[in-house]
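Chemist: Just passing along the structure, written as structure tokens.
A short reminder: the numbers here are calculations on the coordinates, not readings from a lab. Fair warning: this is a prediction, and the values are worked out from it, not measured in the lab. Cβ placement follows ideal geometry from the backbone for every residue including glycine, while neighbour counts extend to all protein chains displayed.
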Amino acid sequence: MVSVSRKYAFCATHRLHAAGLSEVENRAVYGKCNNPHGHGHNYEVEITVAGPVDAVTGRAVDLTALDALAMREVIGPLRYRNLNEEVEAFRTVVPTTENLTFEVDRRLRAVWPEVFPGGVPRLEKIRIWETERNICEVGGL
Amino acid sequence: MIISKKVEFSASHICRASGLSDAENERVYGAAANPLSHGHNYIVEVAIEGEPDPVTGMILDLKRLKDVLEERVLSVYDHRLLNREVPSFRNLVPTVENIAIDIWQRIERHIDATGRARLYSVRVHETSELFVEYRGGA
């Protein structure tokens with residue numbers, strides 16, 4: 001069993017604002033990320049998969065298929081978007097890095113068996129860098 | 001406790017499986033199937049698990065680990081065409097997955113003579129966007 005991690009990037013806008021909190025509370029919780037005009041990041045998404053190494057190809061994952069999947073489900077739909085306004089999942093959910101990581105995980109898991117029959121390799125972990133210092137991880141814990 | 005050491009080597013490789021047709025090789029490996037080869041600056045991260053020795057405060061002798069990596073990996077891999085010049089890859093495609101497994105097999109038995117420390121994982125970064133991790137076993 002080998003794990004393979006592949007990194008992708010996209011740029012997007014978001015605004016952190018919880019509908020259930022007051023203006024004052026939102027500013028207290030999210031600070032400058034609550035700016036009503038929004039702001040953006042260069043996000044990096046790392047997808048980690050784990051599986052056996054194929055005896056013929058020497059690969060644990062078809063990288064062409066993984067790249068196509070990441071482009072179709074994640075990078076294509078999110079890049080150069082205003083996450084709050086243009087991504088359905090964030091109409092009611094605050095697009096924090098935590099929620100963004102859950103959303104990427106959900107998008108990949110929904111179609112994973114179609115792309116990787118039998119679920120091999122398995123989707124192990126998603127990590128998202130919002131900045132160099134803010135990193136969020138789901139799975140593999 | 002885990003301690004990790006990082007080393008680098010530069011090498012070229014060709015990702016083509018002899019059991020596959022040209023078209024299949026192109027599909028599986030993309031540009032990496034170029035029969036004239038291409039190269040990378042690889043970064044190898046070796047993680048060792050163990051408890052610090054009560055006297056020295058160290059999990060293992062890092063100088064010795066450096067020597068093991070130099071002798072068993074870097075002197076074999078660095079500035080080589082992996083397919084032709086590293087015997088492990090005569091009949092095995094030198095994908096980054098197989099490189100990680102080969103490095104594990106080369107160093108595992110030589111990590112620590114005292115039995116205090118054991119090899120925990122081998123990570124190989126092929127580019128800043130792709131790395132693999134192997135922790136032994138099937």
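Chemist: Output needed for chain A: three equivalent-ellipsoid semi-axes, defined as square roots of 5 times the C-alpha gyration tensor eigenvalues, in descending order, whole Å.
Modeler: For chain A, the ellipsoid semi-axes come out as 32, 14, 13 Å.
Chemist: Determine which lysines satisfy two conditions relative to B:Lys5: a Cα distance under 22 Å, and not lying fewer than 8 residues away in the same chain.
Modeler: Those lysines meeting the cut-off are B:Lys63, B:Lys66.
Chemist: Which residue, A:Gly38, A:Gly118, A:Gly20, has the most motion in a Gaussian network model of chain A that connects Cα atoms within less than 10 Å?
Modeler: The residue that fluctuates most here is A:Gly20.
Chemist: Suppose only helical runs count, i.e. DSSP H with n ≥ 4. What mean residue ellipticity at 222 nm does that imply for chain A under -39500 (n - 2.57) per run, divided by all residues and rounded to the nearest 500 deg cm²/dmol?
Modeler: -8000 deg cm²/dmol
Chemist: Give me the net charge for the shell around A:Glu130: Cβ to Cβ below 13 angstrom, other residues only, Lys and Arg +1, Asp and Glu -1.
Modeler: My count for the surroundings of A:Glu130 gives -3.
Chemist: Kindly give Rg over Rh for segment A:32-87, based on alpha-carbon atoms, with the Kirkwood expression for the hydrodynamic radius.
Modeler: That ratio is 1.18, to two decimals.
Chemist: Considering only B:Ala33, B:Ala113, B:Ala100, give the residue with the highest GNM mean-square fluctuation for chain B, with springs between Cα atoms whenever their separation is below 10 Å.
Modeler: It is B:Ala113.
Chemist: Something else: Each residue of segment A:90-96 in turn: what ³J(HN,Hα) in whole Hz from Karplus with 6.51, -1.76, 1.60 and θ = phi - 60°, glycine and Pro shown as x?
Modeler: With coefficients 6.51, -1.76 and 1.60, one gets 9, 5, 10, 10, 5, x, 5 Hz.
Chemist: Could you tell me which chymotrypsin sites (Phe, Trp or Tyr not before Pro) in segment A:53-141 are loop residues by DSSP with no more than 15 other beta carbons within 10 angstrom of their beta carbon?
Modeler: Taking segment A:53-141 and a limit of 15 other Cβ atoms within 10 Å, the loop chymotrypsin sites (Phe, Trp or Tyr not before Pro) found are A:Tyr80.
Chemist: Let me ask you something else. How do B:His125, A:His14 line up, fewest other C-beta atoms within 10 Å first? Provide the component values of the computation, followed by the final result.
Modeler: Numbers: B:His125 19, A:His14 25.
With the fewest neighbours first, B:His125, A:His14 line up as B:His125, A:His14.
Chemist: Moving to a separate point now. Please state the relative contact order of chain B as a whole percent: Cα pairs under 8 Å, 6+ residues apart?
Modeler: On the way: 229 pairs, mean separation 41.5, N = 138.
RCO, chain B: 30 percent.
Chemist: If we count every other residue with Cβ under 15 angstrom of A:Val4's Cβ, Lys/Arg +1 and Asp/Glu -1, where does the sum land?
Modeler: -2
Chemist: Within the set of other residues whose C-beta is less than 11 Å from the C-beta of B:Val76, count the net charge using Lys and Arg as +1 and Asp and Glu as -1. Intermediate values should be presented prior to the final figure.
Modeler: Details: positive: B:Arg72, B:Arg80, B:Arg106; negative: B:Glu70, B:Glu71, B:Asp78, B:Glu85, B:Asp102.
With Lys, Arg at +1 and Asp, Glu at -1, the neighbours total -2.
Chemist: With charges only on Cβ, +1 for K and R and -1 for D and E, what is the dipole size of chain B about its Cα centre, in debye, rounded to 20? It would help to have the intermediate numbers written out before the result.
Modeler: Numbers: 17 positive and 21 negative charges, 51 e Å.
I would put it at about 240 debye.
Chemist: In debye to the nearest 20, how big a dipole does segment A:2-138 give about its Cα centre with +1 on each Lys and Arg Cβ and -1 on each Asp and Glu Cβ?
Modeler: 100 debye
Chemist: Tell me which residues come under 5 Å, amide H to amide H, from A:Tyr43 once H is placed; ignore anything under 5 positions away on its chain.
Modeler: A:Phe10, A:Cys11, A:Ala12
Chemist: On to the next question. Suppose the Debye formula is applied to equal point scatterers at every Cα of segment B:2-134; what is log10 I(q)/I(0) at q = 0.10, 0.21 Å⁻¹?
Modeler: At q = 0.10, 0.21 Å⁻¹ the computed log10 ratios are -0.36, -1.20.
Chemist: Something else now. Taking only DSSP H segments of four or more residues, each worth -39500 (n - 2.57), what value at 222 nm results for chain B once the sum is divided by all its residues, to the nearest 500 deg cm²/dmol? Mind showing how you got there, number by number?
Modeler: Working: 4 runs with 32 residues, N = 138.
Calculated mean residue ellipticity at 222 nm is -6000 deg cm²/dmol.
Chemist: Fewest first, what order do A:Ile128, B:Ile14, B:Ile3, B:Ile99 take by the number of other Cβ atoms within 10 Å?
Modeler: Exposure proxy ranking, most exposed first: B:Ile3, B:Ile14, A:Ile128, B:Ile99.
Chemist: Related question: Would you kindly calculate the mean projected area, averaged across all directions, of the convex hull enclosing the Cα atoms of the protein assembly as shown, in square nanometres?
Modeler: If I average the Cα hull's projected area over directions, I get 18.0 nm².
Chemist: Placing +1 at every Lys and Arg Cβ and -1 at every Asp and Glu Cβ, with all other atoms neutral, what dipole size does the protein assembly as shown have around its Cα centre, in debye to the nearest 20?
Modeler: Taking the Cα centre of the protein assembly as shown as origin, the dipole is about 140 debye.
Chemist: Another question, if that's okay. Skipping prolines and chain starts, which residues have an amide H placed within reach, meaning under 5 Å, of the one on A:Val2, given they are 5 or more residues away or on another chain?
Modeler: So A:Val2 has HN proximity to A:Gly51, A:Val53.
Chemist: Please list, in order along segment A:30-39, the HN-Hα scalar couplings obtained from phi with the Karplus expression 6.51 cos²θ - 1.76 cosθ + 1.60 (θ = phi - 60°), rounded to whole Hz, x for Gly and Pro.
Modeler: Once rounded to whole Hz, the list reads 9, x, 6, 5, 8, 2, x, 7, x, 7.
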